[in-house]
Every structure is written in C-alpha cells, then in structure tokens.
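Participant: Before I ask anything, here is the structure I am working with.
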Amino acid sequence: MRLYEYQAKEVFRSYGIPVPKGYLVEEKSQVGDGLKSLKTKDGVVIKAQVLAGGRGKVGGVKFAYTSDEVSTSVEHMKSLEIGGYKVSEILLEEKVPVRQELYLGFVIDAVLGTPTLLASSRGGMEVEEIARVFPQFLGKVDIDSAYGILDYKVREILTRIGLPKNLFGQFITICKRLYEIFLDYEAILLEINPLIVNEEQNLVAADARMSLDDAAVFRRPKLKELRDSREKSLEEYLRDDYQLEFVNLEGNIGLVSGGAGMTMTAMDLIALEGGTPACFMDCSANVSPEGYEMALRTVSSKEGVSSILVNIFGGLTRMDHVGEYLVEAIKKIGDIQQPITIRLEGTNAEKGRKTVKEAGFQCYETFEEAVKSAVALGRSS
Ligand code: GDP
Ligand code: MN
C-alpha cells in the first residue's frame, strides 16, 4: 500500500520532520483559498498527487508565481495521466529556495532482513541513478533493530558521502524520526527525495514517499484510515473484500487456483505447455460461491485471456461443494466468452467432477491433463 505524497507529508509533519507548507486542491476554484493559506513569497510548487514517481519529468511538478499561473497549471495538470493514474488531487506548496538536494531513504534489505538507511549528497534523481552515476556519494547503513540508529555509524557514512558537517545534526535527527515512522507504520520503503538544504541551511523534505506492508494493515488502525481515504487498486480490493490473492500478469491463460504453492506450480506447468499465465489468482482463503464468482469475473474480463483454467485441490474443502459453487458462479456471470477447463481433486472430487461435467464443462482429474487442455484451447480460440 502506497501513500500519496500529501498523506506521507502529514505523517512526517506529525513526527517533527520539516515539510513545506501545503494546501490540497481538487479544482482551480480552490486555488485562491490555497494561496491565501500558503502566503508564500518565493512562488508555489504545484504537484500532481499520483502513486507514481518521476512526476517532475512528465509535467507533474510545476512552479508558478502568480495566481493566474497557478490556476492554469492546476487546470492543465487535471488533464494529465501520469504513470497510468488520472490526476484528481493537486498539492500546492510554498516553494523552498534550494541550496542543495540530498537523498534519504529507508528500505528493507531482503538478504540481511534488516532495515537499511540510504543517504546521498546528490538527491533529486532516482536512487538507482544516483547509484549508477555517483556511487561515491551514496552511503548505506544497515540497522540492527536492537540498537536503532547509531549516530557514529551515520556520521561515518555522511563523512564519506561529503555532506557538509554543519548539516550532520539535522540529518541524523531526521533519520531518527523517519526510522520511528518506519517502525510505527510497518513501512517497507520510506524516501525523502529531494531532502532540500534551504538558504538558511535548514533541511526540508520536499518530496515524500511511503510504502507500507499490506499484511500489517489489519493491526494498525492508523493505516486503515489512510487507506480508506484513497482509491483501492484492483489487487487491494480483491484481497480486502474477497480474500483473493491476485497478481496481474500479461498472458493468455486466466488461472484460478487454490493455494499459493499450487498456483505457482500451475503457472510453471502452463509455461511448460507453451502457454503464459494471465495472472496468479489464489482462491484458497475464500472458498465460497462469491469468491469463485469474483475470481472468474476478474480473469474472464481481463484483456488477452483466451482460455480459463480452474485448478482446485482440497483436503478439508469438499470438492462436491466446489463443483456446485463453480457451476453456480459461471451461470450467474452468464457471458464468459473463453473456454473453461476445470480440474478438481481431493475430498468428494468424483461427485464434484460429475456436477461440473453435467453442467457442460471440461473437467479433469489430473493437473497435467487439465493444463494441456486449457493451453490447447487457448491457442485455438
Ligand atoms: P518526483 O519527480 O515525482 O520525484 O517529484 P518531486 O517532488 O521530487 O519534485 C521534482 C523536483 O522538483 C525535485 O527534485 C526538485 O528539484 C523540484 N522541487 C520540488 N519541490 C521543490 C521546492 O519546494 N522548491 C524547489 N526549488 N524545487 C522543488
Ligand atoms: Mn522526488
């Protein structure tokens, strides 16, 4: 789950990290009030609120000095699509005069299994680019969660990347506050890029990126509020409302399966047979008519899907029920265009297969047969 810049900045502000004064608008009629509240003398930054980075390069970040210019920019930005997202909210901010742009981030190092602090004296560009172009100015500090942020370790890195000494104190304070947020919100990524050095030699977070662990939302009421105030992605919607684990891919076989391991295996078998999976769709957490209906609706309406494969194995789950649910779901949807191949195995599977066959669908006992059939049908339809 990724937060919008303005949401992340509210969090930063509440933890004492300096951010520019801001005002969120949805249309240009709100610009007047916005400018009154900002009372800025150095101009305004106009920032499209989309869940994509690199907005600066594609017109999602603009500067303006008069109220007319701000209104024109806001109107223009509303017509943009950035990284596949329509722009519906725009953040107006006081423009901070810049002396230097720094980078500060926290990520999880998947190999060490620890949070890692990344710092650079060359901010403003993507961290991957910093790593490529200025590796000598990018530093990494692995954090032992028993000790948290140790000043001397950060100082060592800041010295190496050539950060002016007078900024060390502020930088380390922001690191510590950001780390608190990292823990409190169960973040998987936090980024301030750029972290601006202003004319008074103070640090200000000009941009804010926060990605949180979806699996932690249930135990963090704070996160639930943030999530409710923005649109859900299809993946989040399917997970929250239907307990379906869905990963969108670009293939032709619409896979509906039970269990993460078996879904992965099904994807491998599909590939072996020469097909490509259109998605990973694990229904094992919601074995109900509604669960299957939603799963089938999603894969059948996906572009490029030429064949659907339903692959369910159940021990505790009764396959006679699953057979009925599937038939019911398909009937209810009514207009599935693609051929459907079903494989049922496990408790009461024979009964389940009978139900499915009687309803007029291809039904198999073995995994291999079902995958072969689904891939062949995908080729011919
Ligand atoms: P991104 O392109 O989506 O990462 O958007 P950013 O918020 O990082 O903005 C892009 C660039 O605009 C930054 O790297 C800065 O150079 C510039 N920028 C953003 N906010 C300010 C500001 O308050 N003052 C000044 N002078 N430049 C800013
Ligand atoms: Mn940025």
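The values are calculated or read from the model by the stated rules, or taken from the named source; none is laboratory data. None of these values were measured; they are calculated from a predicted model. Reconstructed Cβ throughout: ideal geometry from the backbone, glycine too, with neighbour counts over all protein chains shown. The area values use the complete protein model at the heavy-atom level, side chains included, leaving out ligands, DNA and RNA. Shrake-Rupley method; radii C 1.70, N 1.55, O 1.52, S 1.80 Å.
Participant: Right, residue 260: in contact with a strand residue (DSSP E or B) (Cβ under 9 Å, 6 or more places away or on another chain), open to solvent by less than 50 Å² (accessible area, probe 1.4 Å) and among the hydrophobic types (A, V, I, L, M, F, W, C) or not?
Facilitator: No, not satisfied.
Participant: Is it the case that some residue within the range 65-77 is assigned to a loop (DSSP other than H, G, I, E, B), touching a residue at least 12 places away in the same chain (Cβ under 8 Å) and open to solvent by 50 Å² or more (accessible area, probe 1.4 Å)?
Facilitator: yes
Participant: Counting only residues that are more than 36 Å from the chain's Cα centre (by Cα) and free of Cβ contacts under 8 Å to residues at least 40 places away in the same chain, give me the strands (runs of 3 or more DSSP E) lying completely in the range 304-373 with at least 1 of them.
Facilitator: 362-364
Participant: May I pose another question? Just the residues that are modelled with pLDDT under 90 and either within 14 Å of ligand 1 (Cβ to nearest atom) or touching a Pro at 6+ places or on another chain (Cβ under 9 Å) (or both), please, taken from the range 83-110.
Facilitator: Matches in the range 83-110: 83, 85.
Participant: Quick one: is residue 218 without any contact (Cβ under 8 Å) to a residue 12 or more places away in the chain and under 25 Å from the mean Cα position of the chain (by Cα)?
Facilitator: yes
Participant: Would you pick out the residues in the range 79-97 that are open to solvent by 70 Å² or more (accessible area, probe 1.4 Å) and either within 16 Å of ligand 2 (Cβ to nearest atom) or charged (D, E, K, R) (or both)?
Facilitator: Answer for the range 79-97, where residues must be open to solvent by 70 Å² or more (accessible area, probe 1.4 Å) and either within 16 Å of ligand 2 (Cβ to nearest atom) or charged (D, E, K, R) (or both): 81, 85, 86.
Participant: Collect the residues in the range 206-220 that are within 16 Å of ligand 2 (Cβ to nearest atom) and open to solvent by less than 30 Å² (accessible area, probe 1.4 Å), keeping them in residue-number order.
Facilitator: Selection gives 206, 208, 210, 211.
Participant: Here is a further query. Within the range 314-360, count every residue that is modelled with pLDDT under 95 and either open to solvent by less than 10 Å² (accessible area, probe 1.4 Å) or aromatic (Phe, Trp, Tyr) (or both).
Facilitator: Number of matching residues: 1.
Participant: Please identify the pairs in which a residue from the range 86-113 that is more than 19 Å from residue 176 (Cβ to Cβ) has its Cβ atom under 7 Å from the Cβ atom of a residue that is of a type in the set (D, E, K, R) and buried (at least 18 other Cβ atoms within 10 Å of the Cβ), counting only partners at least 6 apart or on another chain.
Facilitator: Once the first residue is more than 19 Å from residue 176 (Cβ to Cβ) and sits in the range 86-113, its partners that are of a type in the set (D, E, K, R) and buried (at least 18 other Cβ atoms within 10 Å of the Cβ) give 90/47; 91/5; 91/47; 93/47.
Participant: So which of 50, 19, 44 is of a type outside the set (Lys, Arg), within 29 Å of the chain's Cα centre (by Cα), within 11 Å of ligand 1 (Cβ to nearest atom) and farther than 20 Å from residue 97 by Cβ?
Facilitator: After ruling out the rest, the residue left standing is 50.
Participant: Continuing with the same structure: Could you list, in sequence order, the residues of the range 185-206 that are touching a residue at least 24 places away in the same chain (Cβ under 8 Å) and out of contact with any strand residue (DSSP E or B) (no Cβ under 8 Å at 6 or more places or on another chain)?
Facilitator: 199, 201, 202
Participant: Under the condition of being basic (Lys, Arg) and more than 23 Å from residue 192 (Cα to Cα), which residue from the range 36-78 is farthest from ligand 2 (Cβ to nearest atom)?
Facilitator: Out of the qualifying residues, it is 36.
Participant: Follow-up. Can you name the strands (runs of 3 or more DSSP E) wholly within the range 98-205 that have at least 2 residues being within 16 Å of ligand 2 (Cβ to nearest atom) and open to solvent by less than 70 Å² (accessible area, probe 1.4 Å)?
Facilitator: Here the list reads 100-109, 114-120, 187-197, 203-205.
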